[in-house]
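A quick write-up on the structure given underneath.
What follows draws every value from the coordinates through simple rules; no lab data is involved. Note that the coordinates shown come from a computational prediction; the quantities given were computed from them, not determined experimentally. FYI the Cβ positions are ideal-geometry reconstructions off the backbone, even for glycines, and counts take in every protein chain you see.
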Amino acid sequence: MRSVLDPLQFVVITFAGWNQRQQQVVEYLLEDNRVLREQIGSRRMRFNDDQRRRLAVKAKTLGCPC
């Protein structure tokens, strides 16, 4: 049995680890948003123009969720 990974196995293992880390980051950010929303209660969040612009730039890079 070989003790050295072939390049394809290396890529698959690396991607799996990266994907898991990204999922953990997403889960943390979702929970962070839940906590912040609990703190503001039922009040509406108000953004200034700069904040709306920054959010729009980030959203555009994600593309359409359709």
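To keep it simple, each residue is scored yes or no on (1) surrounded by 10 or more Cβ atoms within 10 Å (Cβ to Cβ); (2) part of a helix (DSSP H, G or I); (3) at negative phi; (4) of a type in the set (Val, Ile, Thr).
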position	(1), (2), (3), (4)
Trp18	yes, yes, yes, no
Gln23	yes, yes, yes, no
Gln39	no, yes, yes, no
Phe47	yes, no, yes, no
Asp50	no, yes, yes, no
Leu55	yes, yes, yes, no
Check on Val4, outside any helix (DSSP H, G or I), exposed (fewer than 10 other Cβ atoms within 10 Å of the Cβ) and β-branched (Val, Ile, Thr): yes
